[in-house]
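Worksheet for the structure shown next.
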Amino acid sequence: MDPRNIGMIGAGAWGTAVAKVLAENGHQVQMWSYEQDVAQAINNTHENRTYLQGVLLPELIRASTNLSEVAENKDYLILAVPSLYLIDTVKQMIRVSSVQEGSTPIAILTKGFIDGPGGPGLLTSAVENYLPGFYKDNLVYISGPSHAEEVARGKITGLISASKHAKYSIQFRELLRGPTLLVFSSLDIVGVQAAAALKNVVAIAFGMLDALKELNDKFGDNTESLLLAAGLNEIQLLGNALGASHPQTFTSIAAVGDLDVTCRSIYGRNRRFGREIIHERKIAHFSDLQDILQHIEQIGYLPEGIAACKHAFSIARNRKLKTPIINAVYSILNREAEPFEAIVDLLKKLSGVEADHFVDPEKPEL
């Protein structure tokens, strides 16, 4: 593909890693950063020291704190801000004339759900409510098993470029594709989004179980694989309820691949958060899940699975879906249950046996 001028809206680790790939493909990338020091570091030292330390960025990448400047007159726009701030960012972005005219294709890298008047829903649907009508069914969603730290360092990675409109799915596929980035097209934008959001919830549960494995010899690798398989079932259940169009989405890198790497990789923030709930009593000083979200900065990093869990629990409850993992994580984050008891109770539910037939592992000292 000939060199293009691209606007990356968001300068976190993932947005920076994708910007680096695009620049290495020969494209000019301008990044929008909310934080002045991040923009200055990218421009002056060619490094995002706050979110992706140790990675040298190509000179084709520049950064600005002026959102309108970054969004205006670009060949492509990519949104990479966290779900908690996505809509506020889009509201500012729609003032840009080229977006108002619908002349710039837009893709989303963010994972999660957005709360709306009708309850929580998919990111693309929420964003479409604010963008001009041209963007209806033309947005692209990009996901897959892709930790920023590895993508930025050239580790071979697979991504899915999903859209209801094949033309735009293919355009972003070709834009991103490179020597170490394998990109595939999909028409199942619903299933890919559901998988991307829900795997973070499962990863919080996995992190807790992973920590408990170090404290109690009744938990092991087999237990973790049990949780992974059950988690994939819940992802598919909710994905289908939301309108996923292709069953194979859930056996692809969009679901099983992303779920596996998010749960098992040392780079996974949601896995880390789950482990710290056990080892560091990370949520002990919060009153409930909403309190965690309102003071998310106190965690020190952003586990997207917290907000996703709140919304997934609401979706499952409203649709009367059986989601024991989502329910367990919700009860823990909402301070309704202690982590160890909730995880043991979850395993009981997954086993399908009555509680008195299930031998509780001895509770570890936390």
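The values are calculated or read from the model by the stated rules, or taken from the named source; none is laboratory data. Bear in mind that the values here come from a model prediction, so they are computed numbers and not experimental data. Quick reminder, even Gly has a Cβ in these numbers, built from the backbone with ideal geometry, and neighbours come from all protein chains shown.
For segment 325-344, a residue qualifies if it is farther than 24 Å from His295 by Cα and surrounded by fewer than 19 Cβ atoms within 10 Å (Cβ to Cβ), and exactly one does: Glu341. State whether one or more residues within segment 318-338 are in a helix (DSSP H, G or I) and in contact with a strand residue (DSSP E or B) (Cβ under 7 Å, 6 or more places away or on another chain). Yes, segment 318-338 contains at least one residue that is in a helix (DSSP H, G or I) and in contact with a strand residue (DSSP E or B) (Cβ under 7 Å, 6 or more places away or on another chain). Taking residues in segment 2-30 that are touching a residue at least 40 places away in the same chain (Cβ under 8 Å) and among the basic types (Lys, Arg), and partners anywhere that are in a strand (DSSP E or B) and surrounded by fewer than 23 Cβ atoms within 10 Å (Cβ to Cβ), the pairs with Cβ atoms closer than 7 Å and at least 6 places apart or on different chains are Arg4/Tyr76.
Kindly indicate whether any position in segment 230-244 is more than 19 Å from the chain's Cα centre (by Cα) and either under 20 Å from Arg269 (Cβ atoms) or not assigned by TED's automatic domain parsing to the domain that holds Ala316 (or both). So far as segment 230-244 goes, no, none of its residues is more than 19 Å from the chain's Cα centre (by Cα) and either under 20 Å from Arg269 (Cβ atoms) or not assigned by TED's automatic domain parsing to the domain that holds Ala316 (or both). Only a single item in (1) crowded, with 21+ Cβ neighbours inside 10 Å; (2) more than 29 Å from Arg317 (Cα to Cα) is not met by Val127, and it is number (2). Evaluated against (1) at pLDDT below 95; (2) touching a helix residue (DSSP H, G or I) at 6+ places or on another chain (Cβ under 9 Å); (3) on the phi > 0 side of the Ramachandran plot, Gly352 falls short on exactly one condition, (2).
Looking for something more than 17 Å from Ala197 (Cα to Cα), assigned to a helix (DSSP H, G or I), among the hydrophobic types (A, V, I, L, M, F, W, C) and at pLDDT 95 or above - is there at least one such residue anywhere in segment 135-152? Yes, there is a match, as at least one residue in segment 135-152 is more than 17 Å from Ala197 (Cα to Cα), assigned to a helix (DSSP H, G or I), among the hydrophobic types (A, V, I, L, M, F, W, C) and at pLDDT 95 or above.
In the set Ala316, Ala284, Ala307, which member is within 25 Å of Ala80 (Cβ to Cβ), assigned by TED's automatic domain parsing to the domain that holds Gly231 and not hydroxyl-bearing (Ser, Thr, Tyr)? Working first, answer last.
On the way: Ala316 fails: within 25 Å of Ala80 (Cβ to Cβ); Ala284 fails: within 25 Å of Ala80 (Cβ to Cβ).
Unique residue meeting the criteria: Ala307.
The set of residues in segment 174-193 being under 18 Å from the mean Cα position of the chain (by Cα) and either without any contact (Cβ under 8 Å) to a residue 12 or more places away in the chain or assigned to a loop (DSSP other than H, G, I, E, B) (or both) consists of Asp188 alone. For the residues Thr104, Thr50, Thr65, the requirement of being surrounded by fewer than 18 Cβ atoms within 10 Å (Cβ to Cβ), over 30 Å from Ala203 (Cα atoms) and of a type in the set (Val, Ile, Thr) singles out Thr65.
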